[in-house]
Structure formats: structure tokens, C-alpha cells
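See structure below.
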Amino acid sequence: MSKSRWVLLRRVDRYDPEKMNAVVNEGFELLGRRPQGRVLIKPNVVFANKNYSQHAFTHPELVGVVADKVRSFPGITDLSIGESGGYAIPTRLNFKESGYYDMGRRHGVPIVDFNEDRYEKVTLKKGKFHKTLLCPRLIHDADFKIWMPKLKYHICCEITNALKLNIGSLLHKERMLFHDDRLNDKIVDVLEIGYPDMVISDAVIIGHGFESCAKPFHLGLIMISNDPIAADTVAAQILGYRPEQVNHLRIASERGYGSIDPDSVSVLGDVTVEELAAKTSGIVSQFQDMQKLDTRIRFYEGIGPNTNQICYGGCMAAVKGSLGTIDARRPGSLKNAKEGAIVTGIYDGDVDAGNGLCLLIGDCTEVRGNIRAGKIKRVKGCPIGAVQLTSVLPMAFGMPSPLFDVRDVPLVVLNSIVKFVNKAWHRAF
């Protein structure tokens with residue numbers, strides 16, 4: 001192997017423990033060093049719902065195989081699986097809905113919500129917007145970190161793999177800071193505390209559309225790498241992007257984290273990047289381009305006040321997340337929505353909502369042109385969260401609301417109470 005950074009691509013058609021174990025063993029052999037001391041496995045468990053979101057998270061059986069492999073090494077003093085799921089939904093509920101707690105019991109590994117655990121305040125040397133971060137103690141104290149992303153298209157950051165996984169390193173209280181037109185820089189800021197020793201990506205079934213309620217596509221692949229920049233360089237190409245088109249990956253390279261030139265990475269295995277890219281070439285990932293959605297709602301994206309660029313990660317990301325959840329829960333909701341318009345950011349031009357409602361989303365939103373609408377309403381916040389919008393958009397455009405789900409709402413309330421009690425316990429003791 002001529003290059004020090006490598007990515008292993010192995011065909012794995014289904015979540016078969018024997019096949020996954022063979023690939024994981026090969027990955028550790030290529031790594032050339034053994035995990036020791038305190039080991040943290042961080043998967044992607046951004047969201048899960050047994051009824052409509054079962055393809056957004058790293059498959060727990062693959063995580064269990066990796067946990068068993070780590071336990072086989074001498075010198076392991078602690079092994080944990082940790083994550084901070086999507087904002088406003090208790091991560092412990094996502095663990096339950098995805099089967100992580102069941103997997104943890106079977107494999108004898110604790111499953112930890114970073115938000116319920118202790119943390120350390122750390123100063124960043126390379127951070128552009130985050131100068132300090134509240135670092136979960138499992139990340140802060142880890143001697144060896146294994147990042148296990150779910151390969152997916154992303155509604156505003158092109159792809160989610162090793163680097164984007166680090167948003168789940170943040171406690172909820174800091175998750176939405178700079179989550180606006182500065183999101184890609186934010187992702188690279190967090191890389192400083194969340195730089196893994198090994199990346200094992202679940203690409204057996206990848207996700208497209210809204211990544212938290214992802215639609216499945218069978219790719220039949222496990223990716224393993226010794227470098228997160230190399231892993232994402234290859235992942236970008238597999239999903240049809242040039243590495244420099246993935247903005248957080250380009251920014252990471254510019255900050256000195258490593259080259260994103262494909263020739264700088266050794267690609268090993270039994271399938272090529274070109275074969276995989278050909279397989280994904282027909283995928284249209286809904287919600288990346290709101291203008292392509294089949295709906296009578298019109299979307300107008302303006303610039304943000306911080307960088308004078310489209311505020312891709314702020315209020316419009318929340319709009320995408322809210323509508324993606326609504327439509328995943330009740331397919332056809334968007335197509336049957338009432339006529340209207342949604343505006344985010346500072347939009348230079350005219351807005352046409354027909355005879356319907358024009359929603360101005362966010363504190364900074366303004367229209368520097370004419371608005372045609374039956375009614376105009378502003379929703380304040382900066383940035384607005386998807387959960388907040390989920391209380392607004394269904395009523396505004398005549399769609400069924402997840403907030404009236406008789407199964408899910410009590411679960412959110414109950415698990416929020418448990419989360420609050422656990423946080424209070426750790427603060428006290």
C-alpha cells in the first residue's frame with residue numbers, strides 16, 4: 001500500500017454478522033494498531049421512528065460486530081457507544097426506536113446519550129466560529145475513537161459521513177449555534193474534538209431525501225478508513241460529487257486536515273469507486289433542491305446576514321426537516337398541501353404565494369420586492385428549529401401534524417422527563 005491514507009471498500013449485501021465480522025477484522029488488520037484503554041464508538045443515530053424512519057441511523061448489528069471486535073483486544077479498560085441525536089428529540093428515544101438499547105444489552109456495551117452525561121469545556125485552536133466547546137466526557141477521555149457514520153445524502157451539506165457525523169458530538173445546548181450560513185465551518189470546528197482513529201461507514205443501505213427520515217437505497221457496501229478526510233473524499237465520489245463540491249470537506253482541507261485529491265488516497269477492496277458511483281447516479285435526493293418538490297408551496301431562499309450567502313443551514317434547513325418529517329410520516333402530504341409560499345433569509349425579488357399564505361420564516365427574513373399573497377405571516381426565531389416549524393407548517397398549509405400523533409407525543413414527553421432527571425443527577429453528583 002503506497003499511500004498512508006486508505007479506504008477499504010467491501011461488498012456486503014445484507015447485515016449478515018459473519019460477513020460484517022470478516023470485513024471489520026480486515027479493517028483492523030489494515031489499521032496496523034490496536035485500540036487500547038478507553039474506547040468510544042460513535043454511530044449516527046440522528047433520528048429513528050419505528051413507523052416511518054428506520055434508514056436514518058447506523059445499523060445496530062454492524063455496531064455490535066465492531067463492539068465485539070474491540071472487546072477482543074487486550075488492554076481495553078472501557079468501551080462505550082455514545083451519541084447526541086437530533087435537536088429537541090431525546091436521544092434515548094432514538095436509541096429505543098432504532099434498537100440500540102437492545103443491541104447494547106446483547107453485546108454488553110453501555111449506550112450513552114452525551115446530553116445526559118458529564119462534559120468538559122475545551123478551547124479550540126483551529127475553530128473559526130466555535131472558540132470553545134462543551135465536549136462530552138466520553139469523547140474528551142477516549143484513548144481510541146471509532147466513528148461509524150451512515151452514508152447519506154444531506155439536505156444542505158451534500159453528504160453526511162465521517163465529518164458531518166461530528167454534529168452528533170455536540171450537546172443540544174450548543175448544537176444550533178452557528179447552524180445557519182456558517183454550518184460547514186461549524187462542522188470543521190467540531191472536527192478538532194471529534195477526530196476519529198478509525199471510520200467504519202454503514203453503506204449497505206444508504207439514505208436519500210431528508211436524512212433524518214431517509215429513503216433507502218441498497219448500495220451493498222461497508223467502508224473502512226484510517227482517516228476521516230480520506231473517508232469523505234471517497235464517499236463524496238460514490239455519491240456523485242467531486243470532493244471539492246462538498247463544502248465542509250473542502251474547508252477541512254483548507255484548514256490543514258488533509259488533501260481531498262482522490263489520488264492521495266489508496267482505495268482497496270473488491271469494488272471500485274466508479275462502479276459505486278454508477279450505481280448511485282440515478283438517485284434524486286429530495287429536499288436538496290426545494291424547487292423540485294411536487295407541491296403547491298413555493299420556496300424563496302435568501303441570503304443570511306452573517307456571510308451574505310444563502311442561509312442553507314438555518315431556517316430553510318429547518319423547513320426542509322419539518323416538511324421531510326411530515327411527508328415521511330404521511331406520504332403525499334406535500335403534494336396535497338394548500339397553495340402558498342415560504343421565504344427565508346433576505347430575498348431580493350418578488351414573491352408569489354398565489355391566493356395562499358406567505359410565511360416569512362426567521363428574524364432576519366425580508367422580501368426586497370413585491371409579495372402577492374392572501375395573507376402574510378412571520379414566524380420569529382434565529383435559527384428556527386424543525387420542531388417549532390412542525391407546529392406551524394401543518395396548520396398553515398393543511399397537512400397532517402406529527403404533533404397530534406397519539407403514539408409518539410407521549411413517548412417524547414416521557415423520555416424528555418427521564419433525560420431531565422439524568423442531567424440533574426450528573427450535575428449534582
Tell me, in nm to one decimal, what length is gained between Ser391 and Lys335 on full extension, where the rule is 0.36 nm per residue of separation less the Cα-Cα distance?
-> 18.3 nm
What ranking, highest mean first, results for peptides 358-370, 307-319 when packing means the other Cβ atoms within 10 Å averaged over each residue?
-> 307-319, 358-370
Identified option (computed mean projected area of the Cα convex hull in nm²; candidates (1) 18.4; (2) 21.3; (3) 19.9) = (3)
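Over all directions, what mean area does the Cα convex hull of the range 290-404 project, stated in square nanometres?
6.3 nm²
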Along the dipole axis of the chain (charges at Cβ: +1 for Lys and Arg, -1 for Asp and Glu; origin at the Cα centre), the most positive-end residue among Gly356, Val421, Asn308 is Val421
Residue separation between Glu29 and Asn308 times 0.36 nm, minus their alpha-carbon distance, gives in nm 95.7 nm
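Roughly what % of DSSP beta bridges within the chain run antiparallel, to the nearest 5?
On the way: 25 of 65 bridges.
Counting DSSP beta bridges with both partners in the chain, the antiparallel share is about 40 percent.
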Order of Ser259, Ser285 under a 10 Å beta carbon neighbour criterion, fewest first = Ser259, Ser285
Cα-Cα longer than 18 Å, checked against Lys145/Lys186; Lys42/Lys69; Lys215/Lys338; Lys128/Lys150; Lys42/Lys279; Lys3/Lys279, kept in input order, equals Lys145/Lys186; Lys215/Lys338; Lys128/Lys150; Lys42/Lys279; Lys3/Lys279
For the residues Ser84, Ser266, what sequence is obtained by ranking on other C-beta atoms within 10 Å, fewest first?
-> Ser266, Ser84
DSSP-defined antiparallel bridges as percent of all bridges, the range 290-404, nearest 5 | 10 percent
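Computed from the coordinates by the stated procedures, all read-outs in this text should not be read as laboratory data. These numbers come from a predicted model, not from an experiment. A quick note on method: Cβ atoms are made from the backbone with ideal geometry, for glycine too, and the neighbour counts reach across all protein chains shown.
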